[in-house]
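Below you'll find the structure, written out as structure tokens, and then a few comments.
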Amino acid sequence: GENVEQHPSTLSVQEGDSAVIKCTYSDSASNYFPWYKQELGKRPQLIIDIRSNVGEKKDQRIAVTLNKTAKHFSLHITETQPEDSAVYFCAAKATDSWGKLQFGAGTQVVVTP
Amino acid sequence: KAGVTQTPRYLIKTRGQQVTLSCSPISGHRSVSWYQQTPGQGLQFLFEYFSETQRNKGNFPGRFSGRQFSNSRSEMNVSTLELGDSALYLCASSSGLAYKETQYFGPGTRLLVL
């Protein structure tokens with residue numbers, strides 16, 4: 001089955017710097033890759049997603065890149081702010097796997113002022 | 001549109017009991033997926049329901065079951081609770097259609113088994 005690995009497990013950055021989180025997946029049938037942000041005690045919130053027919057997508061300070069050949073995708077956050085501090089999860093889903101998101105283990109991001 | 005809601009938000013049960021959790025999806029969404037979140041195992045998929053039918057199932061024992069009603073509301077049931085079932089149970093709703101599979105999560109039900 002699908003396996004998603006996420007690195008690093010923790011990431012500490014200075015306010016204003018960039019943060020990068022990387023994920024690799026194993027199932028070549030995966031074609032949908034969302035990223036979620038989960039603050040302490042809150043629900044996971046979708047921040048950006050990308051499909052396999054697109055190599056890059058950007059939304060303000062957040063961007064995601066996908067390399068289908070290498071089976072990896074990355075989240076880039078620029079000009080980090082203290083409110084970006086949270087746990088970030090990557091996920092992958094195959095077309096024929098109804099409703100099943102396979103999640104990475106998560107990255108704890110801490111942005112220090 | 002109202003977001004995904006889950007009830008109850010917190011539950012305390014003892015080993016051997018059973019529990020039923022409820023999830024109301026976003027209006028118009030016909031798919032509900034359930035996940036278990038624990039510090040050790042992360043987010044794990046339990047099952048997905050679409051139009052009252054289970055379409056997909058994760059690797060959980062038969063003690064975990066679910067159902068979906070005609071209004072798309074879903075329930076999950078855990079029988080014969082074990083200490084290891086203590087977790088945050090999240091549901092997520094989506095359209096359920098191919099290429100429109102964005103999932104929106106509810107606030108979760110935190111279950112503690114003593």
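Derivation of every value follows stated rules applied to the coordinates shown; laboratory data play no part. For clarity, every value in this text was computed on a predicted model and none was experimentally measured. Every residue, glycine as well, gets a Cβ built from its backbone with ideal geometry; the counts of neighbours run over all protein chains shown.
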For the pair B:Gln54 and B:Ala2, how long in nm is the line joining their label points, each one 7 Å along Cα→Cβ? 2.8
Determine which aspartates and glutamates satisfy two conditions relative to A:Lys93: a Cα distance under 17 Å, and not lying fewer than 8 residues away in the same chain. A:Glu2, A:Glu5, A:Asp27, A:Asp49, B:Glu48, B:Glu101
For chain B, set up a Gaussian network in which alpha carbons nearer than 10 Å are linked by springs, and say which option among B:Leu21, B:Leu97, B:Leu43 fluctuates the most. B:Leu97
Pick from A:Lys68, A:Lys57, A:Lys100: which is most flexible by mean-square fluctuation in a GNM of chain A where alpha carbon atoms under 10 Å apart are linked? A:Lys100
Fluctuation leader among B:Ser33, B:Ser95, B:Ser24 - chain B, Gaussian network, Cα springs under 10 angstrom: B:Ser95
Give me the net charge of B:Leu46's neighbourhood, meaning all other residues with Cβ under 10 Å from the Cβ of B:Leu46; Lys, Arg count +1, Asp, Glu -1. +1
Listed residue pairs exceeding 24 Å between alpha carbons, taken from A:Lys22/B:Lys57; A:Lys22/A:Lys68; A:Lys37/B:Lys13: A:Lys22/B:Lys57; A:Lys37/B:Lys13
Separation in nanometres of the label points that stand 7 Å from Cα toward Cβ, at A:Lys57 and B:Asn77: 3.8
Neighbour-count ranking [beta-carbon atoms within 10 angstrom, fewest first] of B:His29, A:His7: A:His7, B:His29
Rank these for me by crowding, B:Thr38, A:Thr10, going from fewest to most other beta carbons within 10 Å. A:Thr10, B:Thr38
Within a 10 angstrom radius of the beta carbon, how do A:Thr95, A:Thr107 rank from fewest other beta carbons to most? A:Thr95, A:Thr107
Using +1 on the beta carbon of Lys and Arg, -1 on that of Asp and Glu, and nothing else charged, what's the dipole of chain B about the Cα centre, debye to 20? 140
What whole number of Å gives the distance from the Cα centroid of the range A:1-41 to the Cα centroid of the range B:77-105? 20
